[in-house]
Amino acid sequence: MSDPTPDPETVSPRFERWAARLFAVLIFVTGLAAVVVLANSGDTPPGAILLGLGTWPLGVTVLLAAMWGLGASRPWARPLALGVLWILVFAGVVQFIASLSSGIKFPLEAIAAAFVLRTAGDSPRRLLMTARDQRIAVALTGLFLVSTAWPLVSSVALRPGASPFAVGSDALDVTVAIDCSGATGEDGIRATITWRWGDRDLFPGSTDGLFVGWSTIQDLEAPYYDQEASSWPPGVWPGLGSPAAMLIQPMENGWQGQSTTFGIDVARAGQGDGEVIVVLRPNSEGSHGSVTVSAAYAHLDRWVRDSDGAGCGW
């Protein structure tokens, strides 16, 4: 049986040297990114941490194997390195095309990989490999393909509201309670909007939204919104945030009456239960009337859960 190891005199080390250097840089950069994800995890759910890290350990393992194989002149190392480089080029092209709609991102890894591939001609096109060497090269290349494709696939397949791991609107309960006893006093009309989750997404989203609208019978004094007297928990703010805004804004524009909106930071605060108190005050002192308050919760840009209206008079 012939020796599968290539003759050192016929192989230029340029490709192997540059490929190993690039792999070392990739290991450092991805390792630094993993440290940043873990250091800023805070109260982030474990599912979000897993999504952020992805298959980083798998990709690093393949890169380390490629570096060792190139240094030890293993027959399977060069085809593995070629496969890894071509995967980086292809992934970079895909990411560049996907970024055109939201801002161009230059695929530096793909550019560096293409540069290293230019030196591949310095080594012989064929190396004598055993069937075992071929299996090793194919298996490791396949593992790196999986680790590289994970961020591209998971961003779609695991996106909250668009995957088998996401909850539907029936997982949320939105209620409104209203008290008009203090309408003519300092307390004002207090509308308490509460949302409770029966189930949660495995992977959290970014920003949810809350719509609160109120209306009065025609010719009666309509109450106005007193933001300073109202209250809301941490992670909730008056106004809106993307992506829930695309569901809330049409409701706000089409509402026959007055309304206000809130943004809910799910990414940082978590997909938790919450309560917002909206204080309304009649426009004129000593006026009499009635008011009906309704609410709607938008989960990302996927669905809206409406509440039953609640009303009272003063």
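The values are calculated or read from the model by the stated rules, or taken from the named source; none is laboratory data. Just so it is clear, the model here is predicted, and its values are computed rather than measured. Here the Cβ positions follow ideal geometry from the backbone for every residue, glycine too, while neighbour counts run over all protein chains shown. For accessibility, only protein heavy atoms count, side chains too; no ligands or nucleic acids. Shrake-Rupley method; radii C 1.70, N 1.55, O 1.52, S 1.80 Å.
Miscellaneous remarks
- A single entry from L80, L64 fulfils the requirement of being modelled with pLDDT of 90 or more and either crowded, with 20+ Cβ neighbours inside 10 Å or in contact with a Gly (Cβ under 7 Å, 6 or more places away or on another chain) (or both): L80.
- Hey, S294 polar (S, T, N, Q) and either under 24 Å from I178 (Cβ atoms) or part of a strand (DSSP E or B) (or both) or not: yes
- Tally, over region 290-309, of residues that are open to solvent by 30 Å² or more (accessible area, probe 1.4 Å) and under 18 Å from A267 (Cα atoms): 3
- Filtered residues of region 222-280 (kept if of a type in the set (A, V, I, L, M, F, W, C) and in a strand (DSSP E or B)): A229, V236, W237, F262, I264, V276, I277, V278, V279, L280
- Any pair with Cβ under 7 angstrom, 6 or more apart, that starts in region 24-40 at a residue that is in a helix (DSSP H, G or I) and ends at one that is at pLDDT 80 or above and not aliphatic (A, V, I, L, M): L26/E109; T30/G59
- In region 122-163, of all residues being modelled with pLDDT under 70 and more than 16 Å from the chain's Cα centre (by Cα), the one that is most open to solvent (accessible area, probe 1.4 Å) corresponds to R125.
- Pairing residues of region 180-193 that are open to solvent by 10 Å² or more (accessible area, probe 1.4 Å) with residues that are in a loop (DSSP other than H, G, I, E, B) and polar (S, T, N, Q), at Cβ distances under 9 Å and at least 6 apart in sequence or on separate chains, gives T184/S287.
- Taken over region 248-277, the criterion of being in contact with a Lys or Arg (Cβ under 8 Å, 6 or more places away or on another chain) and either open to solvent by less than 50 Å² (accessible area, probe 1.4 Å) or over 25 Å from D179 (Cα atoms) (or both) is satisfied by Q271, I277.
- Residues (under 30 Å from P282 (Cβ atoms) and in a loop (DSSP other than H, G, I, E, B)) located in region 171-203: A183, T184, G185, E186, D187
- Of all the numbered requirements in (1) more than 30 Å from G185 (Cβ to Cβ); (2) touching a helix residue (DSSP H, G or I) at 6+ places or on another chain (Cβ under 7 Å), P243 misses one, and that requirement is (2).
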